[in-house]
Every structure is written in C-alpha cells, then in structure tokens.
Amino acid sequence: MNETRYYKVAGHVFGVTGEAECFALMANYEPFATQGDGSFVAMLTLERKASSSDVAFSEELRQEDEGQEIICGRTADGEHVFEFRWLNETAGWLVCSEDYREGRLVMTGKYEKMAIDNALMVLYALATADKGTVLFHAAVVSYEGRGYMFLGRSGTGKSTHARLWLKYIEGTALVNDDNPVVRDGVVYGSPWSGKTPCYRNVSYPLGAIVLLSQAPYNEIRRLIGIHAYVALIESISGKRWDERIADGLHQTEDALVAQVPVWHLECLPDEEAARLCQLNIKR
C-alpha cells in the first residue's frame, strides 16, 4: 500500500509517494521530514517495475562520473526522462512533467537507493532552479556562524580540504560532504551527501566560496566578476539546455557572486593550506 511523505530542504517542500519498503531506504531524509499542507515544489511517485520492458525515450545527453551514468532525453510524448545507471546496469528511469513539478521513478530492482536519491536530487534541482535555489557539488563546513563551501572537479580534494578544517580549525563542523543547497546567500544541509554521510538539517549564511586546485604549493587569491561567475558553473547541478532552467541558474549565480566572496585556492592537502584558507576568507 502506498503512502505519501513530505520533506523540506532550503525552505522548499517536496513529496514522495511509495511503498513502505521504499521509505525504509530513505533514512537520510528523516531529518528533513515535514507535514504536507498541499504546497510543494515537486512530487515523486516511486514505482517498482512490473514488466521487463524499458522506458522508451530518445537520448539527448549523457553525464558520467565515477561509475555512475545519467542519460537524459525525452519520450515520444515529450516527457523528460533521466536514466540512472550504475556499473553499466540500469537502476531506474525518472520520467518528469514539463515543469518538473511531477515525476515518477520506475525502478528495476537494482541499486534502488541510488535510483531514489538521484531521482530526488534531479527533480529537486530542476523544480527549484527558477526559485533562486541551486544544488552544488561541493563540501561545506561551518565555522563561527557561517558556512564555507569548497568547489572543484571530481578528485580535486573537496572532502579532503573539509577534513583538514575539521582537524586543524577548532570550532569547525561538517555541514554536507557533496550536495549542499544554496538559496539567497544561505547554504543548507541536504539529504544527499558524498562518501561521508552527513544529512544535517542546518543552514548558515555563506561566508565564502572557494574553488580548489591541486598544486605543489599553497596560494590563494580573490576572484572578481566573470572569473568568480565561471568558478561556480561546473559545480552547479542543472539542465542548462532548457531555457527556463538556464535563465534561473544564471540569475542565481549572478546574485551569488555579488553577495558572497569567491576565492581560488591552489594547494597541497596539508594543514598549512587549511590555515591559509581560513585566515584569508574569514569575514
């Protein structure tokens, strides 16, 4: 028997309808549980696949990262489709309405938790993209009442740098390891994290955003204007070939670089890098 539960992230409520067995996989959402009042940005229905047939769609784009692949496209009826694959096996298909307010996840029975988390991340990011909200690929720590967000390509050392702050900068706490949400200059914890589970329903004004690059030395500099804007682009989740989504993300990025200092840290994975960063970016 299906039931519906609601969750609130960065002030946005979304709902999930599914069987009890599905919610048993969703303990990371419990800190964000809320009461439904009929107002929500998105509703996802979870379906266990009843037949062996695939969801048919025409492919538009593929994204790959560390064994995970997302294939984006449309059905013959024009619905948006995202196929989630892990280690070359399909975990499920997210089929969305044009405005991303409604979606259904058709699961194959393989990697069900991965399918649910990916579907909700995609649906949430796209449904809120025109509401001043962005989902980042970043690690975030809190320090003295503010959040500090570390960006970089996969393997750059975002999580490592966050751990250095936790180890060497007294009073630091981890907010999220890989998928924080930013809205109106405030960074929020989320139900989605990376290799380090961290599902905290907390929020902090953003003190700074730091783009990380590996280097044989430690050096930091402030980024201004277009350089700051470009530093954010690769770390923001969103379907940029959709005009409405792209416009919403552009406006949010513009506002963010005007509100929050952006820095570039070329660094080693050591204590000196963490202390250099903290000394320069703290307001």
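What segment 136-283 shows is 45 Å² of accessible area per residue, with the surface traced by a 1.4 Å probe over protein heavy atoms. For segment 1-129, the extents of the C-alpha atoms along the principal axes are 37, 29, 28 Å, listed from largest to smallest. The calculated Kirkwood hydrodynamic radius for the chain is 19.5 Å, given to one decimal from all distinct C-alpha pairs. In a reduced charge model with +1 at each Lys and Arg Cβ and -1 at each Asp and Glu Cβ, the chain shows a dipole moment near 820 debye about its Cα centre.
Once neighbouring chains are kept in place and the probe is 1.4 Å, which whole percent of the accessible area of the chain is contributed by carbon and sulfur?
Here carbon and sulfur together make up 48 percent of the probe-accessible area.
The length gained on full extension between Thr17 and Tyr168, counted as 0.36 nm times the residue separation minus their Cα-Cα distance, comes to 50.0 nm. Using a cutoff of 8 angstrom between alpha carbon atoms and counting only pairs six or more residues apart, the relative contact order for segment 138-199 works out to 32 percent.
With the Kirkwood sum run over all distinct C-alpha pairs, segment 135-283 has a hydrodynamic radius of 15.1 Å. Centre-to-centre, using Cα atoms only, segment 14-93 and segment 128-193 are separated by 24 Å. Spacing of the modelled spin labels on Ala76 and Ala33, each 7 Å from Cα toward Cβ, amounts to 4.3 nm. Remark on segment 56-199: Rg and Dmax equal 16.7, 56 Å (Cα only).
Here the label points at Leu25 and Asp254, each 7 Å from Cα along the C-beta direction, are separated by 4.0 nm in the simple model.
Using Cα-Cα distances under 8 Å and only pairs 6 or more residues apart, what relative contact order does the chain have, in percent? Once divided by the residue count of the chain, the mean separation gives 15 percent. Per residue, segment 1-41 exposes an accessible area of 49 Å² to a 1.4 Å probe, with every protein chain left in place. Since only Ser237, Cys96, Val262 are under comparison, the one whose Cα sits farthest along the positive direction of the charge dipole of the chain, derived from C-beta charges on Lys, Arg, Asp and Glu, is Val262.
Would you mind getting me the FRET efficiency between Lys131 and Asn280? Use the beta-carbon distance for r and R0 = 30 Å, nearest 0.05. Don't jump to the answer; show the numbers that get you there.
Values: r = 32 Å, r/R0 = 1.07.
My answer for the efficiency is 0.40.
Could you give the longest part of the chain that holds none of the GluC sites (Glu not before Pro) found in DSSP loops with at most 15 neighbouring Cβ atoms within 10 Å?
Numbers: sites that count: Glu19, Glu66, Glu98, Glu144, Glu170, Glu234.
Segment 171-233 is the longest.
Distance between the 7 Å Cα→Cβ label points at Met1 and Glu243: 4.7 nm.
The values are calculated or read from the model by the stated rules, or taken from the named source; none is laboratory data. Everything numeric in this text was worked out from a predicted model, so none of it was measured. Virtual Cβ from ideal backbone geometry, glycine too; neighbours counted across all protein chains shown. Please note that ligands, DNA and RNA were not included when accessible areas were found on the heavy atoms of the full protein model with its side chains. Shrake-Rupley method; radii C 1.70, N 1.55, O 1.52, S 1.80 Å.
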